[in-house]
Every structure is written in structure tokens, then in C-alpha cells.
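The values are calculated or read from the model by the stated rules, or taken from the named source; none is laboratory data. Computed from a predicted structure; not experimentally measured. Because the Cβ atoms are built from the backbone with ideal geometry, glycine has one as well, and the counts that use them run over all protein chains shown.
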Amino acid sequence: MKDSDGVLGTSQTSFRAFTAVKYLVYALLSLNVWLFLQEELGALEHTFVDGFELGQIIQVFSATIDTAAWVILLLLFELETSVLDDNRIRGPVKWALHGIRGICYVAIVYAFTGYYAELVTLYQVEPLSVADACYLLNSEYSLLLDLDDYAPLDATNCATVGVEAYRIQGFDIIADAAVLESARWLAWTDVINSADWILVCLVLEIEVRLQLRGKLSDQVMSVTKFIKFALYGILFAAAAYWGVEGSFLDFWDAALWLFAFIFIELNVFEWQAETNQPAAEAA
């Protein structure tokens, strides 16, 4: 196991506390896979009520697939940057790590297309064909309450639909104009957040590859630090937006991921420091 004394000092108590908090965050992120699955199964009752094709599975379960792939990827980064010694990341172990990580990257990019498909769906609407949504009570319509949040149209909630209302094409779902606009902004946040995390992961991947080759210099770290500062700034903004406008689960998940990658960043920082220390002592 790589030594973390350079970051946390020499206290074993501090190191154990750091490790406990880190793995607690990882466990909570794993739990979020199940929570997102429950949320998306609930939404499925109002969206693809007649079933969906295999190609639509990513739109239906984009958050679940995305979170599961990221959890596996996070654990792989933890293995490479903190748990496994450098001399063990060779041969079959190296190729196994890279192979699983490649599958995760495919799933993450696939999930990004699902977020984008959901965003596009929210723009494929048509004006409601009746003057009052309550006229549709005898039909099996659902009402959009928020992004991925629906309720069967009833005598109570139909009265909340304003004069300007829309039907989402291809679905028996109606939406008030203001609610639809809010859902679109949240969908845009999903898309931007997903793309941003892919870029963060790309930068981390470059750092890990260079570190394994002994080429992760202070100059490279300075450049990647600047890039990640901008990328993490966008992620913090997305988390804040979810905290104000989105669901608690989205905000909670975003906050946990930021905490998790702080740990990975500390791992990379300490890993580089350990590698540079023998060279500095030899000089």
C-alpha cells in the first residue's frame, strides 16, 4: 500500500480517520446506484409504459448506469493511486485494470448520450390540444412535476397547470410551461455535469499514465491543476444549482462525488511526492 504520511502527517490515528471517511464516501456512492435505480423505475411507470427497445435502455436508466460505472472507475483509481504498489501494476494486473476501466469509460460515454436524449425529449413538445388540462382526466395522462418526477393527472394537480401547457411528443405526459422550463435547465445541468466529469477523468487518466512511466513532472502537474480547477469549478456550480433547484438526491450525489475525487487527487499528489522523494535524496 502506498504511504500517505506526506499528506496527513505521521499520525496513524489521522491516517485511519482519513481512510475511514474515504471509504464511507465510497460506500455511500455505491448506495446511490440503488437510489437512482428506484427513482428511474418510478419514472418508468409514467414514461415508457408500453415497454422500451434495447436502444432506449440508456435513456431510461442513464443515472443508474452512469453512477455504477463511475463507482467502479473510482475504485480502480483508488487501487492504482493508493492501494497497489507501483511494481504490482504490471502485466496481467495492469491489463485487467485498463480493460475494466475501458469498459467503464464506454458506459460513461453511453450514459452521456442518455442524458442528451432526455434533454432532446424535453424540447420535442406540442401545445396542449385542450384549453384546460382537467379536460383530460378521463385519459391516462401523467403530469410532469420536475425532471424525472411525474404523477398521474388527477382533479387536484390538473388545476395547477397554467394556460400555457404542452404535451411531450411520444408520451402521455403533459407539462406546465414553467415546470417544463425548469426541467430543461436541470436536464442541461445533467448533460454539462456528465461531460465535465468525462474531462476530469481524462485529465486524471493522463496523470496516472505519466506517473506509472515516471514522467509526471511538477510542470505537468501545474498545467493539469489549472485545467482541473476550471473543471471542478463547473462541477461545484452544478452541485449548487441542484441544491437550489433540483432534488436532494442529485445534490447529495454531486457533493459525494466531489468529496470522492478530492481523495483521489490527494492520492495522486502523494503518489507523485513519493516517487520524487528518492530522486531528491539521491541528488
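One table, with the values for the structure above:
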| read-out | value |
| --- | --- |
| Residue 244 vs. criteria without any contact (Cβ under 8 Å) to a residue 60 or more places away in the chain and either assigned by TED's automatic domain parsing to the domain that holds residue 187 or not hydroxyl-bearing (Ser, Thr, Tyr) (or both) | yes |
| Residue within region 80-89 that is closer than 21 Å to residue 201 by Cβ, part of a loop (DSSP other than H, G, I, E, B) and in the same structural domain as residue 61 (by TED's automatic domain parsing) present | yes |
| Considering residues of region 12-48 that are among the small types (Gly, Ala, Ser) and over 22 Å from residue 190 (Cβ atoms) only, the residue surrounded by the most Cβ atoms within 10 Å (Cβ to Cβ) | 14 |
| Contacts under 7 angstrom Cβ, first residue in region 188-205 being farther than 17 Å from residue 58 by Cα, partner assigned to a helix (DSSP H, G or I) and among the charged types (D, E, K, R), 6 or more apart | 200/228; 203/228 |
| Odd one out for residue 152 among (1) surrounded by fewer than 18 Cβ atoms within 10 Å (Cβ to Cβ); (2) free of Cβ contacts under 8 Å to residues at least 40 places away in the same chain | (2) |
| Close pairs (8 angstrom Cβ cut-off, 6 or more residues apart or separate chains): within 21 Å of residue 169 (Cβ to Cβ) and assigned to a helix (DSSP H, G or I) in region 34-50, at pLDDT 85 or above and of a type in the set (A, V, I, L, M) anywhere | 40/63 |
| Conditions (1) part of a loop (DSSP other than H, G, I, E, B); (2) assigned by TED's automatic domain parsing to the domain that holds residue 56: number failed by residue 154 | (2) |
| Which numbered condition residue 162 fails, given (1) in contact with a strand residue (DSSP E or B) (Cβ under 6 Å, 6 or more places away or on another chain); (2) surrounded by 15 or more Cβ atoms within 10 Å (Cβ to Cβ) | (2) |
